[in-house]
Structures are given as C-alpha cells and as structure tokens.
Amino acid sequence: AQKITQTQPGMFVQEKEAVTLDCTYDTSDQSYGLFWYKQPSSGEMIFLIYQGSYDEQNATEGRYSLNFQKARKSANLVISASQLGDSAMYFCAMREENTGFQKLVFGTGTRLLVSP
Amino acid sequence: DAGVTQSPTHLIKTRGQQVTLRCSPKSGHDTVSWYQQALGQGPQFIFQYYEEEERQRGNFPDRFSGHQFPNYSSELNVNALLLGDSALYLCASRLGLAGEGGETQYFGPGTRLLVL
C-alpha cells in the first residue's frame, strides 16, 4: 500500500525567503508519480508540481521545485522567494502510474504561513 | 474555459438522511474522481468514474455511491448519514483514464457537508 508522510504540521517563513516542505513516501510500485498541491482556505486543491519516478531531473515550475531523492523516498517541495499569497495548506500526494487509475494518496498536509 | 464546478457549496443534514452532491468536470474532461477530506486531514479517495462506470473504489462503505452521466457530470450519493461523514467533498476531473506523466487532475472547490 502507498503511504505519504508529512511530518511538519506548520511552517513559518518570512516574505522573500525560501522554505522547504518535507514529504516522504512508501510504495512497492516501480512506477509512480509524486505531486504537490496547494489548498487555500477556499478549499480548492491547486496543482503545483509533478515528479515521475523515472525522471532523472528534479522538477521545477516557476518558484516551485521538487527535491526528489529516490533512494531516501523523499520528495520535498522548495518554494523560493516566498510571497504572502503562498500562505495555505500544502499536500504531498502519490499516484500509481500506468494502471489506468487516478487514485491519489495524500499526506496530512503542512500549513505554511508567510509573514511580512 | 470553465473549471471543475461543484454544487452545493455548503450543506447541512441530520443523521440518517441522504445527500446528493454534484460535479461538472472541466471542459473536455471525461473522468471524474471523488475525495472526502475530513477536518485536519488530507483528501481520501472515494471512487473514480469513466464512461459512466465506477472504475476504482477506495475504502468506503456501500453507503457511498455515485453516478456519471453521458455529459460526464457526476453525482455522489451518501445514504444513512453519520456524524463522521461531515467533511469537505472534492471532485476532480481529467481527460482519459491513463495516469501517466504530469497530466493531472483538476479539483473543484468542494462541497462542505455538516451532519448534525
């Protein structure tokens, strides 16, 4: 069974600084995908970044980058130059690939607060 | 281009009642998944619909059922409501069944259900 662990219930960062949100995962699958989503107070899950298990390069999307360490089974999200609008819940998730199924397994999330 | 829409936004029911939640997928999408997000938790996968059939199901009792219509919209039905069913119910849509690469699901804003 797949499992996602996010050990940081809350993180604080000052505006314009970088922050790393931790995510470790457990799976016996060889092919899987890792995702990060942002959930503001409105409730909608906003896709941020994706990393495939066979991707050799770490994924980057603008200010977001994913620090993928396959041997350690970690997929940490790095947000550079934090903005006040980055304050939200952040969820790491995993999907089994190439099966035709869309089930995402989520962690418990990390609440990020960006201060001026 | 409309994103994923859900109705109603909020709902209050009493124990034992039945509820129906609705979801319209993003334009061009044909696959719909439903998730339950209890307070302080990550979303939990309920089931996925494609071509009007349930394709994959999470660990939820038969009280949770669904339907997909020819226009790809979907309903989630919950019978015999329990207090523990209080949660944010999220709908997600994508094109096609195969789960590969960064092509991911788009989530709606959710329906907040309170069971008293």
Practice prompt. For B:Q17, state whether it is in a loop (DSSP other than H, G, I, E, B), away from chain A (no Cβ under 11 Å) and either closer than 17 Å to A:F91 by Cβ or more than 16 Å from the chain's Cα centre (by Cα) (or both).
Written response: yes
Worksheet item: Out of all the residues in region B:27-46, which are outside any strand (DSSP E or B) and within 12 Å of another protein chain (Cβ to nearest Cβ)?
Response: B:H29, B:D30, B:A38, B:L39, B:G40, B:Q41, B:G42, B:P43
Worksheet item: Does region A:49-101 hold any residues that are out of contact with any Ser or Thr (no Cβ under 9 Å at 6 or more places or on another chain) and assigned to a strand (DSSP E or B), and which are they?
Response: A:Q51, A:T60, A:E61, A:Q69, A:A93
Response to the item:
Among the residues of region A:1-29, the number that are modelled with pLDDT under 95, loosely packed, with under 11 Cβ neighbours inside 10 Å and part of a strand (DSSP E or B) is 0
Worksheet item: If you go through region A:39-54 one residue at a time, do you hit one that is among the β-branched types (V, I, T), within 11 Å of chain B (Cβ to nearest Cβ) and within 13 Å of the chain's Cα centre (by Cα)?
Response: yes
Worksheet item: Which one of these does B:N71 not meet: (1) closer than 26 Å to A:M89 by Cα; (2) polar (S, T, N, Q); (3) away from chain A (no Cβ under 11 Å)?
Response: (1)
Worksheet item: Of the residues A:L113, A:L84, A:L34, which is within 14 Å of chain B (Cβ to nearest Cβ) and of a type outside the set (S, T, Y)?
Response: A:L34
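The values are calculated or read from the model by the stated rules, or taken from the named source; none is laboratory data. Everything numeric here is computed off the predicted structure, so don't read it as measured data. Quick reminder, even Gly has a Cβ in these numbers, built from the backbone with ideal geometry, and neighbours come from all protein chains shown.
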